[in-house]
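K.L.:
The structure's right below; bear with me while I get my questions together.
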Amino acid sequence: MSVRAVVPCHVRAPSLELLEAIEAHVDAVLVVDDGLGAAEADRLRGLRVLRLGGNRGKGTAVARGAARLVRDGADAVLVIDGDGQHPPSAIPTSSTRRATPSSSSATASATCAGSRPPGARRTSRRRRRWR
């Protein structure tokens, strides 16, 4: 099974260390340039990059990147942000829980069991103030 990763990027290009760490767990990595500045885009020279020509949004970046990877032979596509929020060390754990052949997608979360999503505390404080 060919597992490939799409890494959408808008403001900052991912570090080369992060991309190398991702590549250690998948067959190939495609970085999607969703409106990076010239200096950030230059950091990606020599890597496999899909340039969208401006900010089209994360959804478009993910969809176009995944479509390219599937067209190039990927059996499964992993989406991982280029900001390092999702540690590449979690990829083998996610890969061992691959979707069954009849399913079309699988979803993973950056939160751990018992943890709260980012902003949950701020949101609950705001609700209390509204009462």
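K.L.:
Quickly rank 23-31, 49-57, 79-87 as a protection proxy: mean count of other C-beta atoms within 10 Å, highest first.
P.N.:
Top of the packing list down: 23-31, 79-87, 49-57.
K.L.:
Could you let me know the centre-to-centre spacing of segment 51-95 and segment 18-46, using Cα atoms, in angstrom?
P.N.:
So the separation of the two Cα centres works out to 10 Å.
K.L.:
Any idea which of 55, 15, 41 is furthest toward the positive side of the dipole for segment 3-98, if Lys and Arg beta-carbons carry +1 and Asp and Glu beta-carbons -1?
P.N.:
55
K.L.:
Counting Lys and Arg as +1 and Asp and Glu as -1, what is the net charge of the other residues whose Cβ lies under 12 Å from the Cβ of residue 18? Let's see the in-between values first.
P.N.:
Details: positive: 12, 43; negative: 17, 20, 23, 81, 83.
Cβ neighbours under 12 Å give a net charge of -3.
Computed from the coordinates by the stated procedures, all read-outs in this text should not be read as laboratory data. Predicted, not measured: the structure shown is a model, and the values here were computed from it. Glycine gets a Cβ as well: all are built from the backbone with ideal geometry, and neighbour counts include every protein chain shown.
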